[in-house]
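The values are calculated or read from the model by the stated rules, or taken from the named source; none is laboratory data. These figures come from a predicted structure and were not determined experimentally. Cβ placement follows ideal geometry from the backbone for every residue including glycine, while neighbour counts extend to all protein chains displayed. Each accessible area value is taken on the protein alone, full model and side chains, heavy atoms only, with ligands, DNA and RNA left out. Shrake-Rupley method; radii C 1.70, N 1.55, O 1.52, S 1.80 Å.
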Amino acid sequence: GNEGEPGAAPVAQGIVGYRNFTGMIGEGVTNLFNQIAAELRSSDGSGRSSNVVMTLQLLPKGVVTLVYPLKETKTLANGNVVAQDNTGAIGLDLLHHPDRKAHAAAMIPSTGPVISGPVILVESGWALIAELPIFIPGEAMAVGGEEYECWGFVAVLINFEQLLEHAGIYARFAAADMLFSLSRSDDVTLSDGSVESKVQVVAQSEVIAENRSSLPSSSPTVKVNVSNSEWVLAFGHPDGFTVAWLGWQLFLAVFGSVAFTLLIIYALINRKEHQLLLYRMMPKKAIKRLKRGEPFVEKYDMVTIFFSDIIGFTSMVEEMTPIQVMEMLNELYTLFDHLVEVHDVYKVETIGDAYMVLGAAPNVCSASEGAEKVARFALAALDAVRNFRKRDGTTVLIRCGLASGPVVAGGIWE
């Protein structure tokens, strides 16, 4: 029971953190525990003791009551003979032992197994301690002023060096021509109440331990939080990590980045050219409204329109190839397009041989100013036609006209 309760094992006289169990544990209970513990401790089901599992303990109310094996002498795989005597652990009261009570108090509220260590135990050497609370309704243990339905817990002491050997960590890193260093850091409470972090190396490659090599400072690390400590595994090659394909990877990365950038530039240029083409077909404000899905309709009270076509165009093209027709129209209307910019008028459209411009819209100005701009454009266009020659040397004649009045402009888009 809990310390001080009626019928509970008394405190051992003169020994802090121990209880006296003399004559309180029956032989039948001890034999049953030993049988179960031996089966759990067996490594392969044959009944042979495992070198990894050192000790199993039963701790009702946090007091070491039963231990298996109590005494044992065995030969390890490396030929070393180990004599194990766990009698000194019997009666250890973890909740009242000055070196163990903090860990035990933190473990009891836990709902799962808690692993701590590796620590040096007087009776067992370096060991990991795995403990599991046992919760039974009607039972209670008080920790920090709170009661938990905890009967006690079971503990397994694991030979840390044998665990590393069994896991093959040394052989695995050696086979990969790599080094490793496994360390742990603990928050230690000092006598003045301050907390200090203590770092301890618990396992490392032999060449590091013998100071024949070391890990590069750039070696990668893996961190794992265990109970109240942090474990850090650092690993790497003596000369650092180098990969044969790094140069190719860098080349491909640079090449891919350049190619992607060029594609983006190409797409932006295409988009800009598409925009310019639209702006040549319709006013910018019309394009913006149509892109938003809004209809574009505007009324102008007074504008002046110039329109023209080529005299005898139908009979002319019958004697020309399609390419010659396109070349003639392109050369003539390129001259007209230049005049549109010079006289600040708006080119409405070219349909076949017809050419149309507008003054006072969509770039709004006074009616008289718009008419003057269109008239000056018309005179300049006539002068341009007089000097224009087709590639065969023949001339072209146009008929043109001007008209002023109100108009309604609109556009559709889908």
FRET E, pair Phe255, Glu146, Förster distance 56 Å, beta-carbon r, rounded to 0.05: 0.30
Dipole moment magnitude, nearest 20 debye, region 361-409 about Cα centre, only Lys, Arg, Asp, Glu C-beta charged: 300 debye
Projected label distance in nm at Gln200 and Cys400, using a 7 Å step from Cα toward the beta-carbon: 10.1 nm
Given Lys74/Lys198; Lys299/Lys373; Lys288/Lys390; Lys347/Lys390; Lys288/Lys347; Lys299/Lys347, the pairs whose alpha carbons are separated by over 28 Å: Lys74/Lys198; Lys288/Lys390
Net length gained if the chain between Arg376 and Ser214 were fully extended (0.36 nm per residue, minus Cα distance): 49.4 nm
All-pairs Cα distance distribution in region 329-414, expressed in whole percent, bin size 5 Å: 3, 12, 25, 23, 17, 11, 6, 3, 1
From phi via Karplus (6.51, -1.76, 1.60), per-residue ³J(HN,Hα) for region 137-146 in Hz, x at Gly/Pro: x, x, 9, 8, 10, 9, 9, x, x, 10
Length-normalised contact order of region 294-414 in % [C-alpha pairs under 8 Å, at least 6 apart]: 47 percent
Accessible-area order (highest first, 1.4 angstrom probe) of the listed residues Val374, Val53, Val364: Val364, Val53, Val374
Extension gain (nm, one decimal) between Thr111 and Met356, 0.36 nm per residue minus Cα-Cα: 79.4 nm
Anchor Lys101: aspartates and glutamates whose Cα lies under 17 Å away (excluding residues fewer than 8 positions away in-chain): Glu3, Asp93, Glu131, Glu146, Glu147, Asp186, Asp187
